[in-house]
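First comes the structure, then the notes that go with it.
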Amino acid sequence: MPTPRLSPSVFGNVHLGYLVIETQKFSEWRRFGKDAIGMHLDELDSNTMRFRLDDNECRFLLQHGPAEDVITMGWHVDDHSTVDRIVSRVTSHGVPIHEGTSEETALRGVERLLRFPGPKGIVQEIFTKALTSAQPLQMHTAAFVTGEGGMGHVAITSKKPAQIRGYYNTLFDARLSDYIDETMNGVKLKIRFLRVNERHHSVAIAAVRGLPIDPIRTRVQHLNIQVAELDDMTRSYTRVKELGFRMALSVGQHTNDRELSYYAITPSGFEWEVGWNPIVIDENTWEPSTHKGISIWGHSMVGQTIVDKLTQFRTAGTSLLAKEETVPAISGNGIRDSRTRNA
């Protein structure tokens, strides 16, 4: 059983605010983020760039390094009392918290941040105030949807999905939205979708059923952002293809959140989902359920080669012996799948 949380709940007061990506492929990311996806680009120096989706100074911070991966998730917390509750939950389990330096806060465009370890080595950061920019947005997209639901979601593959679910339940009172059972390339997956506010999910956790393997090299399998207009989703899909970036899944519609989207492959190798019009959850009526397959239609695999499949098999085999970070002090024993609404 997971360790009981301190009350009151912080559900609804936490929103995905920014992501930090470590990469050495700045020229490719410049073309991908600005020209293909259509975000606003700010180049700070030769080793640092940021992408904006709205008035916030930073939604994606790209820093020079070898990981080619998302290394940090930043969570916008509504007020200082909620921060205090989250901090108490972390420290009461013996997990250290560190305050960000002035340089780190400036790069992320926030006033102050606190940092602590997260599952799969993805550092978690919380902040209360994001700085805004007076510089007009220069984007190929009319608008992105952020607001109360946060800036999108992150999907993770894991050998220990119950522990990751337990982690976000302990920290943010995450609620289970639903499950998806899917088979891809002969591999059976169980995907859990967790919400921390009105967005259908801020974290998705995929696990191979019956086997302790992780077929994905990166910590994050994909991240998602949402456009305000359908035309912006289809136009960015066209730009991604015309600019020569690889597509992972064609345009389709999901079974659970009903979002229309496509998945492109980023220069760092993880996937980037651009979506439109997912449902917003009504807490008074929503009940978790299980869906068969990720898509009502579309989302066909695009251009996967035998080399891609062999690489994935090799990664899965290697993961059998690799230790996965779960922050056990916070994750407890995880949450069994028999738990439902507010587990």
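The values are calculated or read from the model by the stated rules, or taken from the named source; none is laboratory data. Because the structure is predicted, anything quoted here is derived from the model rather than measured. FYI the Cβ positions are ideal-geometry reconstructions off the backbone, even for glycines, and counts take in every protein chain you see.
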Residues satisfying the stated conditions in the range 52-70, i.e. surrounded by 24 or more Cβ atoms within 10 Å (Cβ to Cβ) and closer than 16 Å to E148 by Cβ: L53, R59
Failed condition for Y263, given (1) modelled with pLDDT of 85 or more; (2) farther than 24 Å from T218 by Cα: (2)
Count of the range 181-207 residues which are among the β-branched types (V, I, T) and either in contact with an Asp or Glu (Cβ under 6 Å, 6 or more places away or on another chain) or under 30 Å from P8 (Cα atoms) (or both): 4
Any hit, the range 115-132, residues being more than 21 Å from the chain's Cα centre (by Cα), assigned to a helix (DSSP H, G or I) and on the phi < 0 side of the Ramachandran plot: no
Unique match (being in contact with a helix residue (DSSP H, G or I) (Cβ under 6 Å, 6 or more places away or on another chain) and surrounded by fewer than 21 Cβ atoms within 10 Å (Cβ to Cβ)) among A106, A142: A142
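Among the listed residues G166, G252, G210, which satisfies the condition of being in the same structural domain as H291 (by TED's automatic domain parsing), surrounded by fewer than 16 Cβ atoms within 10 Å (Cβ to Cβ) and among the small types (G, A, S)? Step through it out loud before you land on a result.
Numbers: G166 fails: surrounded by fewer than 16 Cβ atoms within 10 Å (Cβ to Cβ); G252 fails: surrounded by fewer than 16 Cβ atoms within 10 Å (Cβ to Cβ).
None of the other options fit; the residue is G210.
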Any pair with Cβ under 7 angstrom, 6 or more apart, that starts in the range 7-18 at a residue that is touching a residue at least 60 places away in the same chain (Cβ under 8 Å) and β-branched (V, I, T) and ends at one that is crowded, with 20+ Cβ neighbours inside 10 Å and part of a loop (DSSP other than H, G, I, E, B): V10/D173; V14/V196; V14/N197
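Out of all the residues in the range 214-237, is one or more among the aliphatic types (A, V, I, L, M), in a loop (DSSP other than H, G, I, E, B) and within 13 Å of T157 (Cβ to Cβ)? Let's see the steps before the verdict.
Initial filter on the range 214-237 (among the aliphatic types (A, V, I, L, M)): 216, 220, 223, 225, 227-228, 230, 233.
Among the residues that remain, those that are also in a loop (DSSP other than H, G, I, E, B) are: 216, 220, 228.
Keeping just the survivors that are within 13 Å of T157 (Cβ to Cβ) gives 216, 220.
Within the range 214-237 (the criterion being among the aliphatic types (A, V, I, L, M), in a loop (DSSP other than H, G, I, E, B) and within 13 Å of T157 (Cβ to Cβ)), the answer is yes, since at least one residue qualifies.
Can you go through M73, M49 and tell me which one is buried (at least 18 other Cβ atoms within 10 Å of the Cβ), of a type outside the set (F, W, Y) and either more than 16 Å from the chain's Cα centre (by Cα) or assigned to a loop (DSSP other than H, G, I, E, B) (or both)?
Working: M73 fails: either more than 16 Å from the chain's Cα centre (by Cα) or assigned to a loop (DSSP other than H, G, I, E, B) (or both).
None of the other options fit; the residue is M49.
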